[in-house]
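Here's the structure we're looking at; comments come further down.
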Amino acid sequence: MSPAKGLDIGTSRIVVAEPNGSHYHYKAQLNAFVSLPGSRLTESGLHKEGIPFKVMGSELVVYGDKADRLARVFCGELRRPMQKGMLNPAESQSLEVIEQIVVSLCGQPKDGERICFSVPTPHPGAEGNLTYHQAALSGLLEHLGFRPKCVGEGLAVVLAELDASNYTGVGISFGGGMCNGCLAYLGAPVVSFSTTKAGDYVDRCVARVTGEPVNTVRQFKEESFNLNGRGANVLEQALSIYYGDAIDAAVNSLERALSETRNVPKLDKPVPVLAGGGTAKVPGFLPRLEAALGRARLPISISTVRLAADPLNTTAKGALRAAVLE
Amino acid sequence: MRTDHQSTDWELIDRYGSLVEDPVEKLKFVQRCGRTLPTARWRRRAVTLESLWLASRRAAKELPARDAVLLWTFRHRQAMRRLSSAAVVCLLLLPLRGVSAAAKRRGPNLRPSPEAALSFDAAAGSSRVWLVETIGHTELYSNGLRVGNDLRSRPAGTVAPIERPVGIVFHTTESDLAPLEPDHREQLRRRGRDLLEYVRRHRLYHFVVDRFGRAWRIVPENEVAHHAGHSVWVFGDQVHVDLNGSFLGVALEAQSRPERTPPADLTAAQLHTGRLLLEMLRSRWGIAEGNCTSHDLVSVNPDRMLVGHHTDWAGGFPYREMGLANPYAQALGSIARFGFGYDEAFLEATGGRLEQAIRLAEAALEQQAGERGLSTRRHRRQLQEQYRRLKRSAAAARPEA
């Protein structure tokens with residue numbers, strides 16, 4: 001197999017997948033940064049601690065996983081190069097930060113190495129943003145020496161795990177900034193859809209209605225929240241409500257996309273639905289999704305609804321499969 | 001919306017795609033074949049032919065030679081059918097034209113000779129097994145196996161996945177059985193239905209073979225079924241702990257009675273289907289013969305560090321009839337590798353059939369202790385500690401369910 005990599009450039013994390021024999025190897029970094037005022041003392045301190053940073057103007061920009069720790073230590077603001085699945089227009093350094101994270105994950109490309117990166121499906125009215133996002137990332141990867149191509153995030157989920165159904169089925173990636181999905185038929189995308197009601201939306205809304213900081217909400221969600229249970233406190237109740245809202249939005253988006261598309265293939269057998277992404281990892285997520293799909297009026301019938309084997313790495317794995325296709 | 005003709009083309013690509021096992025090769029194949037089919041009839045036909053040609057080439061590459069012959073036959077079935085019809089017509093017309101009876105006898109014999117049939121069967125027995133078609137909820141495999149999917153269990157929550165099954169554990173359902181006689185038809189039907197419903201509700205096995213030899217898929221192979229519980233299996237250098245996460249569970253509707261020989265009263269139909277199912281699963285997932293085992297050999301009780309928490313099959317799984325080597329004559333891995341003990345209840349529940357396996361394992365344990373200069377008791381304690389550590393790390397690595 002010629003060298004190739006799959007890259008999932010998500011709002012909250014960047015994951016790279018590489019072939020490792022008959023398996024896959026994954027590396028991930030937080031897609032975030034903090035900036036510190038530049039000084040020789042801070043610089044040497046960061047060097048000493050082995051914290052990756054880049055001098056940008058008069059600031060020291062710490063990126064990746066270490067940025068989160070530093071933000072907590074210094075009570076600073078964790079900044080995001082991306083927002084709602086696309087490059088963050090409010091952050092002028094977004095591309096440079098992503099470049100640093102990609103270099104730290106992918107290293108130097110081998111001669112003519114292919115890389116396939118994931119792109120979101122733009123929500124209605126934001127199609128122009130995708131053009132810029134896609135071209136900017138493609139240019140960045142080309143500049144680094146890769147041969148880039150892109151794959152829709154929903155399709156990547158299908159390519160990652162729906163080989164048993166010959167890559168026919170619905171893949172939905174429930175990420176941080178966006179929820180992207182795709183109905184594919186024999187590996188070709190038929191309908192793509194997206195919503196911006198994803199992990200960050202849930203955190204933000206719950207923080208607003210409960211008065212808790214977003215970080216507290218996120219930590220609680222990741223460590224002890226179960227969507228199965230009845231909300232024992234206000235935080236759990238709010239999380240349950242907004243999770244339900246995000247799931248319903250994704251299913252409605254699928255329903256709308258299918259109803260608006262004329263070339264839906266005549267599928268003579270039910271298709272599987274696969275959910276990936278960090279937001280889908282919460283216990284109890286799957287029954288809620290299954291119930292929402294059961295309520296929806298879809299022109300296709302569903303055989304199984306399941307969670308990806310490795311939800312955090314599914315998109316990168318699918319992107320890698322798309323990369324080796326050439 | 002695609003036309004019916006196009007749907008048929010796609011269906012063919014879908015069917016051929018199932019023959020390709022490597023996920024990336026499969027993706028290349030379906031994408032290449034699955035280009036948008038043109039609407040003009042002749043162009044559509046050309047693309048269909050190209051798809052079929054590509055499909056059969058790729059599939060032939062993936063399959064061993066003998067299967068490629070079958071595939072060739074399938075590909076040219078239309079031509080062969082026409083040829084056969086023409087030959088039959090010729091045979092019917094020949095007497096009218098005054099051809100002699102001798103000439104008639106020299107005419108083409110379209111029936112396969114017994115020798116040919118025999119060699120075909122022999123090849124099929126050892127060949128790869130693939131999905132031929134799905135009719136309704138029933139899958140038909142190339143070795144004649146039919147698997148019903150009507151009773152597939154839909155998970156109520158998040159399902160722990162199996163990345164790739166590495167082995168099979170055979171179980172008996174230990175359910176109430178009605179006599180297999182026409183007078184008990186209703187009772188047989190009801191008990192079978194209740195059993196399958198129970199198994200389905202609790203996701204107990206991946207497959208169940210009922211008393212009439214019907215195979216039912218209950219849990220898909222890439223999802224965990226709750227069949228083996230605390231369990232240990234050792235095959236060569238491979239050590240497997242808590243087999244639910246990596247082994248498939250196949251249950252035959254039967255009850256073990258240690259006092260009888262054989263202890264589980266299987267029907268001929270069950271044995272036949274069990275063998276076909278084993279053949280299909282081994283072919284599909286590349287499962288080693290040594291990783292096909294029975295529940296009585298793998299079940300353990302970690303609280304008391306004893307083997308045989310469950311004893312279905314009672315030392316009487318029909319390994320030979322299933323075409324497998326007999327592990328009952330080998331050292332029991334849970335004792336030799338992890339120092340498990342056994343008690344009288346276990347010997348009784350297995351009708352003494354596992355005494356040899358236990359004796360061999362105990363001897364191996366003593367030998368290892370001697371080589372390490374330890375007392376058997378101390379060596380056993382160390383092995384048990386190793387087991388607990390392994391179990392802890394396996395539990396930590398297990399995906400959320």
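The values are calculated or read from the model by the stated rules, or taken from the named source; none is laboratory data. No experiment lies behind these values; they were computed from the predicted model shown. Heads up, the Cβs are rebuilt from the backbone with ideal geometry, glycines too, and the neighbour counts pull from every protein chain shown. Note: areas computed on protein heavy atoms with side chains; ligands, DNA, RNA excluded. Shrake-Rupley method; radii C 1.70, N 1.55, O 1.52, S 1.80 Å.
The table below lists the values:
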quantity: From phi via Karplus (6.51, -1.76, 1.60), per-residue ³J(HN,Hα) for the range B:198-211 in Hz, x at Gly/Pro; calculated: 5, 4, 5, 4, 9, 6, 7, 9, 6, 9, 10, 10, 7, 5
quantity: Accessible-area ranking of B:211, B:284, B:304, largest first, probe 1.4 Å; calculated: B:304, B:284, B:211
quantity: Contact surface A-B: accessible area buried, both sides summed, square angstrom, 1.4 angstrom probe; calculated: 2800 Å²
quantity: Peptide ranges B:326-332, A:148-154 listed from the most packed, as the mean C-beta count within 10 angstrom indicates; calculated: A:148-154, B:326-332
quantity: Other protein chain Cβ atoms within 10 Å, averaged over every residue that makes up B:250-258; calculated: 0
quantity: Volume of the Cα convex hull of the range B:130-397, divided per residue and given in Å³; calculated: 131 Å³
quantity: Cut-off under 5 Å, modelled amide H: who pairs with residue B:213 long-range; calculated: B:270
quantity: Accessible area per residue in Å² at 1.4 Å probe, computed on the range B:166-244; calculated: 46 Å²
quantity: Loop-located chymotrypsin sites (Phe, Trp or Tyr not before Pro) in the range A:1-88, at most 11 other Cβ atoms within 10 Å (DSSP); calculated: A:74
quantity: Most to least accessible of A:267, A:46 (protein chains only, probe 1.4 Å); calculated: A:267, A:46
quantity: Threshold 50 Å² - residues in the range A:256-271 whose accessible area is reduced by that much or more when the chain is no longer isolated, probe 1.4 Å; calculated: A:266
quantity: Set of lysines with alpha-carbon distance to residue A:110 below 20 Å, sequence-local pairs under 8 removed; calculated: A:5, A:27, A:149, A:317
quantity: Ranked by how many other beta carbons lie within 10 Å on average, peptides A:110-123, A:131-144 from highest; calculated: A:110-123, A:131-144
quantity: Averaged over B:158-168, number of beta-carbon atoms from partner chains that fall within 10 Å; calculated: 3
quantity: Unit Cα scatterers, Debye sum, the range A:162-312: log10 I(q)/I(0) for q = 0.12, 0.18 Å⁻¹; calculated: -0.49, -1.00
quantity: Long-range HN-HN contacts of residue A:152 with modeled amide H, under 5 Å; calculated: A:119
quantity: Potential lengthening between residue A:40 and residue A:188 on full extension [0.36 nm per residue; Cα-Cα distance subtracted]; calculated: 48.0 nm
quantity: Whole-Hz ³J(HN,Hα) from phi, Karplus 6.51 cos²θ - 1.76 cosθ + 1.60, for the range A:247-257, glycine and proline x; calculated: 5, 4, 4, 5, 5, 4, 5, 5, 4, 5, 4
quantity: Heavy-atom accessible area order for B:285, B:233, B:313, largest first, 1.4 Å probe; calculated: B:285, B:233, B:313
quantity: Shielding by partners, peptide A:156-167 (average Cβ within 10 angstrom, other chains); calculated: 4
quantity: Residue-normalised accessible area of the range A:271-318, given per residue in Å² at a 1.4 Å probe; calculated: 31 Å²
quantity: Backbone HN-Hα couplings from phi across the range B:296-308 [Karplus 6.51/-1.76/1.60, Hz, Gly and Pro as x]; calculated: 4, 8, 10, 6, 9, 10, x, 5, 9, 6, 10, 7, x
quantity: Prolate/oblate/rounded label for the range A:237-326 (Cα gyration tensor, a/c 1.5); calculated: oblate
quantity: Solvent-accessible area per residue, Å², over the range B:289-401 with all protein chains present [probe radius 1.4 Å]; calculated: 50 Å²
quantity: Interchain or long-range residues, amide H under 5 Å from residue B:204's placed H; calculated: B:226
quantity: Carbon plus sulfur fraction of accessible area for chain A, probe 1.4 Å, in percent; calculated: 49 percent
quantity: Global geometry of chain A, whether rounded, prolate or oblate, following the gyration tensor of its Cα atoms and the 1.5 cut on a/c; calculated: oblate
quantity: Carbon and sulfur %, accessible surface of the range B:130-397 computed with the full protein complex present, 1.4 Å; calculated: 48 percent
